[in-house]
């Protein structure tokens with residue numbers, strides 16, 4: 001049984017959010033993804049032994065994520081989520097497992113974008129947030145959406161995952 005150490009920080013001082021609910025729902029999302037062996041076998045975790053998985057979620061605003069997006073991705077606009085996949089992006093010899101814990105990295109989510117996209121998609125704030133959290137987890141596991149097949153896999157997984165929490 002894998003333990004999950006998820007750290008959530010809300011840096012958006014004007015946005016009141018139930019971090020305990022987001023934490024509990026993120027645990028559900030993560031467990032759902034990790035119970036699918038086909039996902040884990042295709043992920044950066046394939047062939048590694050671990051007892052626990054860690055990652056951080058930083059909740060922020062459009063201004064902060066815009067700055068980060070420009071600095072690290074050369075994209076001069078806000079986005080919904082940016083991931084720093086420490087484990088997935090490290091070369092084989094530098095994939096560190098400390099005390100049987102793998103730190104997948106960090107995802108930064110713009111709550112402003114979640115509001116915008118939930119309105120555009122005519123869904124609730126939580127539906128959009130959980131869709132984006134599962135998207136971020138997949139990125140932390142090394143998945144990307146450069147091809148149509150990869151994109152479809154990610155969206156299908158995100159929709160299944162979101163449905164488990166709502």
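Looking across the range 109-122, the residues that are surrounded by 15 or more Cβ atoms within 10 Å (Cβ to Cβ) and either within 23 Å of residue 164 (Cβ to Cβ) or out of contact with any helix residue (DSSP H, G or I) (no Cβ under 6 Å at 6 or more places or on another chain) (or both) come down to 109, 111, 113, 114, 115, 116, 117, 118. With respect to residue 57, is the statement that it is within 17 Å of residue 143 (Cα to Cα) and under 15 Å from the mean Cα position of the chain (by Cα) true? No; evaluated as a whole, the condition is false for this residue.
No lab work stands behind these numbers, since they all come straight from the coordinates. Note that this is a predicted model, so its numbers are computed, not measured. So basically every Cβ, Gly included, is an ideal-geometry build from the backbone, and we count neighbours across all protein chains shown.
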